[in-house]
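The values are calculated or read from the model by the stated rules, or taken from the named source; none is laboratory data. These figures come from a predicted structure and were not determined experimentally. All Cβ positions, glycine included, derive from the backbone under ideal geometry; neighbour counts span all protein chains shown.
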Amino acid sequence: MQDLLYFFQQLINGLTIGSTYALIAIGYTMVYGIIGMINFAHGEIYMIGAYTALIAITGLAALGIAWLPVILIVALVCAMIVSSSMGWAVERVAYRPVRGRHRLIPLISAIGMSIFLQNYVHLAQGSRNIGFPALIEGGFRFGSADSFQTSISYMQITIFITTLVCMTLLSLFISRSRIGRACRAVSQDLGMANLLGIDTNRIISATFIIGAALAAVAGLFLGMYYGSIDPLFGFIAGLKAFTAAVLGGIGSIPGAMLGGLILGVAESMTSGYLSGEYKDVVSFGLLILILLFKPTGLLGKPEVEKI
Amino acid sequence: MAAHNLKHALFCAIVTLVIAYPILGFNLVASGTDIILEGAKTRTVILVLLAAVAVFLFQLFRDNVMALLGKAPALNPLANRQPMEQGKRLKLESIVLTLIIVGALFWPFFVSRGAVDLATLVLIYIMLALGLNVVVGLAGLLDLGYVAFYAVGAYTFALLSQYYGFSFWLALPLGALLAALFGLVLGFPVLRLRGDYLAIVTLGFGEIIRILLNNMTSLTGGPNGIGGIPDPTLFGMEFGRRVKEEGNTSFHETLGIAYSSEHKVIFLYLIALVLAVITALVIRRLMRMPVGRAWEALREDEIAARSLGLSRTAVKLSAFTIGAFFAGFAGTVFASKQGFISPESFVFLESAIILAIVVLGGMGSQIGVILAAIAVTTLPELAREFSEYRMLIFGAAMVLMMVWRPQGLLPMRRTHIELKAQE
Amino acid sequence: MLDVQNLSMRFGGLLAVDQVSLDVQEHEIVSIIGPNGAGKTTVFNCMSGFYKPTGGKILFEGKEIQGTPDYKISRLGMVRTFQHVRLFNSMTVVENLLVAQHRHLNNNLISGLLKTPNYRTREKKSLDRASYWLERVGLLELANVEAGNLAYGQQRRLEIARCMVTEPKLLMLDEPAAGLNPSETRDLNQLIVSLKEDYNVSVVLIEHDMSLVMDISDRINVINQGRPLASGTPDEIRNNDDVIKAYLGEA
């Protein structure tokens, strides 16, 4: 019984983390689906989202506003606006001029952007990690009080529900809206979409903006969940999310969700049963194994080499 | 058109404000257990506003500015220069290189100890960058975990000396060979991956190795690292004041000169110099050998290369292994220079710096890479206030290079094999 | 020497090649013709090891080679060209030919680093072979030009020369006459015949230029929509009703 409760605790923790990975992974997968590049700076966009959210929360506290829904919504909106603008600007400055060149060139540009943004925040906000208030406290507990209890915090529930809402909205947006349809067209064949009069530049910008906004949501929640942030924390989270995107099949949005959840659970199981030190080893190892044995991921389409 | 420009310029200016003001304008400060928000200095705020205005003006007059910039290259007197004839260029290059090496041999005897120490570091980076240049510049494989092989070299020496008392000279080839072996083993499964996937996987490998070094405390000392790594000896002569190992003599006593701690620093520098020169020469030679041509062919058109009987894995693996070999070389020298190593020295940032050197120097070009290594390592030391902004500038420079000059500052001009007219 | 039996290749739901068979004897030029999209190049890709066929057998000199990696197939002596010329553009013409001989060179790093006499002799030999073939295809004066700067017809010839320096037994040419003018096509015609006559190389040819095909082929295989339609001598094919229908029906 105890073992089972412990297992469920790891599962719940894993799903929570995994759903935020999924939010970040969407950004990787959409950009890859459309222009075939790894947006290496995406993790930094997410980190900037977390910083903006913290700045907004602290600012509201200074103004004496204490009603939780207002704080959450304002923080979320601020983070999404700043991250989206950043996402847009990064694409304009660092990716658009090198689009269509040899594969390594946009990638190196993206790595440069990632280093730049990390140090931008580092210089502005210092390198030390800063505490992030939990805001949402309390939760449910299961199991008898004298032994191990499985707990689900309200925060975990909030994170899970928000992720679900975001994913649903995104799916609806992609399948129903005009921009969403254009997105799909561009990811099928960019040149053709261009000929048919779709403003592909606009669609690519939109992809970056949507991906960045979702990353900002993840930034706020992961900041609260971990309790602190620093300028480097986007880097590892970005790699994890990229792993999730590849795991699910890069280019596939449902794949990103699935990949995120699987990765989150795998990590928390490693922390729970082995050691927290090795959870990064497990996720990188997972990434390497997938790329070696099933590079198209779980839900991706196979590619045929053109000769 | 003007109205459209105005709208776009306004939009860009607003975006500039949005991305700059919240992060730069407010500082999160910890006070006790709480965090409070402080407004930034007025200077920062004014700079942010100025940046927004600058963006606005640039976007508004973008067409004019671009037209002006388009004319600029015509003003550049070097732009229309004909490339030098190959034979002449090679001669000039070897003269310049010889002069540099001769200068570098005598230079340490006239400068301060700190300068020699820094120069040794520069040479280590030159070795690393030349090695990575084989992988990235010549074979076209983006390796983001290069620092792992550097770590293998350094830890090989540290562990062998700690547990088995190996000397520097014994550990040097072993470190390089072990790093090469790591390259071979890690490279074998991953090198069939496509370019960008390969980059991420190598990054993952680099991180895994660092995490393992950090956590295998009983073997590697974990985050505390390994200290007491011995200095190199010269024919059994030690450079310390007193001889540590039996059977050795000390350098200053044998030569009958006064002890000076500078001898050791200069000796290390000379070792690094010799190794760097060997690295450069070997790679130069490899570039003109069949294996060098195979790297280039595979980079140019993989499918054609395969159709001619070149094994993709074997060719890529040779580049990867040779690159790793030189990183191991550099790692051993680094361990000896520092006398102490820990996983701190082998983070991803280090890989990024080496990559930045290769990119700035012009992928493939040896002289370019050497100059970039010198600039990237010494500039932060020369201008202390600059060192804080070092990585920020590196990042920006990498982006700008890719946008404007992806071939690098000194692009590679490969030496072609020429077919001489036959009598 | 080459025997393809019931070759099939399926991509997802699409059956691109369906039960195609063909054989090539020594000292023979065999053509594969058919409308665009008939699956000719896919057959080539299977034969040269770029695709692993989903059905059927390919025998080369009696050994099954289907699914053998591409680079090994070319080492067996089956070398191909590409529909869209694939040269190493930033390498010079002569270097293109040196790369192709890499596998004939001893790969030993040490002897190369030390420039041993043995290594030099081998380098000299491959340079000689390269200049022989450059002369043969009329590109000797352009030996030190970057391959990307050649005219289209010259690039086609260089691609064939690059195959020939590997000393193949069987040459697979994918639309070698595409984009050539009539006089260049005539030269190509002579070159292919001479490869067979003077160098004892068998040739498999995919081509749309019917006069070239009819002129030099010993036998012709017609493929339509992935399926074999007819095979025989040029005269038999010329008078085959199915072939006429397939071609005229499309026109």
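Residue pairs, Cβ under 6 Å, 6 or more apart or interchain, first in the stretch B:144-172 and free of Cβ contacts under 8 Å to residues at least 60 places away in the same chain, second part of a loop (DSSP other than H, G, I, E, B) and not basic (Lys, Arg). List them.
Within 6 Å, the pairs are B:160/B:166.
If residue A:67 satisfies all but one of (1) farther than 25 Å from residue A:123 by Cα; (2) aromatic (Phe, Trp, Tyr); (3) at pLDDT 90 or above, what's the number of the condition it fails?
In the conditions (1) farther than 25 Å from residue A:123 by Cα; (2) aromatic (Phe, Trp, Tyr); (3) at pLDDT 90 or above, residue A:67 misses (3) alone.
To keep it simple, each residue is scored yes or no on (1) hydrophobic (A, V, I, L, M, F, W, C); (2) in contact with a strand residue (DSSP E or B) (Cβ under 6 Å, 6 or more places away or on another chain); (3) closer than 30 Å to residue B:302 by Cα.
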position	(1), (2), (3)
B:174	yes, no, no
B:178	yes, no, yes
B:183	no, no, yes
B:187	no, no, yes
B:192	no, no, yes
B:195	no, no, yes
B:218	no, no, no
B:225	no, yes, no
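Every residue in the stretch B:203-229 that is in a helix (DSSP H, G or I) and either among the β-branched types (Val, Ile, Thr) or within 20 Å of the chain's Cα centre (by Cα) (or both), please.
Listed by number, the residues that qualify are B:203, B:204, B:205, B:206, B:207, B:208, B:209, B:210, B:211, B:217, B:220.
Cβ-Cβ distance below 8 Å, separation of 6 or more or different chains: which pairs start in the stretch C:74-90 with a residue that is touching a residue at least 12 places away in the same chain (Cβ under 8 Å) and within 8 Å of chain B (Cβ to nearest Cβ) and end on one that is of a type in the set (Asp, Glu) and in a loop (DSSP other than H, G, I, E, B)?
Every condition considered, the pairs that remain are C:86/B:301; C:87/B:301; C:88/B:301; C:89/B:301.
I'm trying to understand the selection: among the residues of the stretch C:110-169, which are closer than 20 Å to residue C:201 by Cα and of a type in the set (Val, Ile, Thr)?
Across the stretch C:110-169, the qualifying residues are C:137, C:160, C:165, C:166.
Please report, ordered by residue number, the helices (runs of 4 or more DSSP H) entirely within the stretch B:351-423 with at least 2 residues that are modelled with pLDDT under 85 and touching a Lys or Arg at 6+ places or on another chain (Cβ under 7 Å). Steps first, please.
Values: elements: B:366-382, B:384-387, B:390-404.
The helices (runs of 4 or more DSSP H) meeting that bar are B:366-382.
Can you spot a residue in the stretch B:186-202 that is in a helix (DSSP H, G or I), within 14 Å of chain A (Cβ to nearest Cβ) and among the basic types (Lys, Arg)? Quick ask: steps written out before the conclusion?
Taking the stretch B:186-202 as the starting set, the residues that turn out to be in a helix (DSSP H, G or I) are B:186-190, B:195-202.
Now narrow it down to the ones that are within 14 Å of chain A (Cβ to nearest Cβ): B:186-190, B:195-202.
Next, only the ones that are among the basic types (Lys, Arg) stay: none.
No.
Could you grab the pairs with beta carbons closer than 7 Å, sequence gap of 6+ or different chains, first residue in the stretch C:1-30 and farther than 17 Å from residue C:217 by Cα, second one of a type in the set (Asp, Glu) and buried (at least 17 other Cβ atoms within 10 Å of the Cβ)?
Note: pairs meeting the criteria are C:8/C:18.
With more than 9 Å from chain B (Cβ to nearest Cβ), out of contact with any Ser or Thr (no Cβ under 6 Å at 6 or more places or on another chain) and buried (at least 16 other Cβ atoms within 10 Å of the Cβ) as the only criterion, which of A:61, A:22 stands out?
Being more than 9 Å from chain B (Cβ to nearest Cβ), out of contact with any Ser or Thr (no Cβ under 6 Å at 6 or more places or on another chain) and buried (at least 16 other Cβ atoms within 10 Å of the Cβ) holds for just one of A:61, A:22, which is A:22.
Determine if the stretch C:63-85 includes at least one residue that is acidic (Asp, Glu), over 14 Å from the mean Cα position of the chain (by Cα), farther than 22 Å from residue C:193 by Cα and surrounded by fewer than 17 Cβ atoms within 10 Å (Cβ to Cβ).
Yes, that holds for at least one residue.
For (1) facing another protein chain (nearest Cβ under 8 Å); (2) assigned to a helix (DSSP H, G or I), each residue gets a yes or a no:
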site	(1), (2)
B:3	no, yes
B:9	no, yes
B:12	no, yes
B:15	yes, yes
B:19	yes, yes
B:36	yes, no
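Answer yes if at least one residue in the stretch C:8-23 is in contact with a Cys (Cβ under 8 Å, 6 or more places away or on another chain), more than 14 Å from chain B (Cβ to nearest Cβ) and polar (S, T, N, Q), and no otherwise.
no
Is it the case, given these coordinates, that residue C:205 is under 22 Å from residue C:20 (Cβ atoms) and in the same structural domain as residue C:19 (by TED's automatic domain parsing)? Give the derivation first.
Working: under 22 Å from residue C:20 (Cβ atoms): yes; in the same structural domain as residue C:19 (by TED's automatic domain parsing): yes.
Yes.
Which is under 26 Å from residue B:322 (Cα atoms) and touching a residue at least 60 places away in the same chain (Cβ under 8 Å), of B:227, B:206, B:195?
Working: B:227 fails: under 26 Å from residue B:322 (Cα atoms); B:195 fails: touching a residue at least 60 places away in the same chain (Cβ under 8 Å).
Within the list B:227, B:206, B:195, the selection yields B:206.
Between residues in the stretch C:138-167 that are free of Cβ contacts under 8 Å to residues at least 12 places away in the same chain and within 11 Å of another protein chain (Cβ to nearest Cβ) and residues that are of a type in the set (Gly, Ala, Ser) and assigned to a helix (DSSP H, G or I), which pairs lie under 8 Å by C-beta distance while being six or more apart or on different chains?
Within 8 Å, the pairs are C:140/C:131.
Can you tell me which residue among A:298, A:287 is touching a helix residue (DSSP H, G or I) at 6+ places or on another chain (Cβ under 7 Å) and facing chain B (nearest Cβ under 9 Å)?
Result of the check over A:298, A:287: A:287.
What are the residues in the stretch A:145-162 that are without any contact (Cβ under 8 Å) to a residue 40 or more places away in the chain and assigned to a helix (DSSP H, G or I), if any? It would help to see each step written out before you state the result.
First, pick out the residues of the stretch A:145-162 that are without any contact (Cβ under 8 Å) to a residue 40 or more places away in the chain: A:145-146, A:153-154, A:157, A:161.
Result: A:154, A:157, A:161.
Looking only at the stretch A:114-121, decide whether some residue is touching a Lys or Arg at 6+ places or on another chain (Cβ under 9 Å), surrounded by fewer than 22 Cβ atoms within 10 Å (Cβ to Cβ) and at the interface with another protein chain (Cβ under 8 Å from one of its Cβ atoms).
no
Kindly establish whether residue A:37 is in contact (Cβ under 8 Å) with a residue 12 or more places away in the chain and not in a helix (DSSP H, G or I).
yes
When you scan the stretch A:79-95, how many residues do you find that are within 20 Å of residue B:195 (Cβ to Cβ) and more than 8 Å from chain B (Cβ to nearest Cβ)?
The total comes to 1.
Of all residues in the stretch B:21-34, count the ones that are within 8 Å of another protein chain (Cβ to nearest Cβ), surrounded by 14 or more Cβ atoms within 10 Å (Cβ to Cβ) and not in a helix (DSSP H, G or I).
The total comes to 3.
Out of all the residues in the stretch B:159-171, is one or more closer than 23 Å to residue A:287 by Cβ and either assigned to a helix (DSSP H, G or I) or outside the structural domain of residue B:131 (by TED's automatic domain parsing) (or both)?
No: zero hits.
With the requirement that a residue be of a type in the set (D, E, K, R) and within 10 Å of chain C (Cβ to nearest Cβ), what does the stretch B:252-306 give you? Please lay out each step first, then the result.
Initial filter on the stretch B:252-306 (of a type in the set (D, E, K, R)): B:253, B:262, B:264, B:284-285, B:288, B:293, B:296, B:299-302, B:306.
Residues satisfying the conditions are B:285, B:288, B:293, B:296, B:299, B:300, B:301, B:302, B:306.
For the stretch A:240-260, name all the residues that are hydrophobic (A, V, I, L, M, F, W, C) and either buried (at least 22 other Cβ atoms within 10 Å of the Cβ) or at positive phi (or both).
Initial filter on the stretch A:240-260 (hydrophobic (A, V, I, L, M, F, W, C)): A:241-242, A:244-247, A:250, A:253, A:256-258.
Matches in the stretch A:240-260: A:241, A:242, A:244, A:245, A:246, A:247, A:250, A:256, A:257.
Are any of the residues in the stretch A:106-113 in contact with an Asp or Glu (Cβ under 8 Å, 6 or more places away or on another chain) and under 29 Å from residue B:199 (Cα atoms)?
Scanning the stretch A:106-113, I find at least one residue that is in contact with an Asp or Glu (Cβ under 8 Å, 6 or more places away or on another chain) and under 29 Å from residue B:199 (Cα atoms), so the answer is yes.
So for the stretch B:211-232 (the condition being within 14 Å of chain A (Cβ to nearest Cβ), surrounded by fewer than 21 Cβ atoms within 10 Å (Cβ to Cβ) and β-branched (Val, Ile, Thr)), does at least one residue qualify?
yes
Report yes if residue A:129 is farther than 22 Å from residue A:31 by Cβ, crowded, with 18+ Cβ neighbours inside 10 Å and either β-branched (Val, Ile, Thr) or within 14 Å of chain B (Cβ to nearest Cβ) (or both), otherwise no.
Here the answer is no, as residue A:129 does not meet what is asked.
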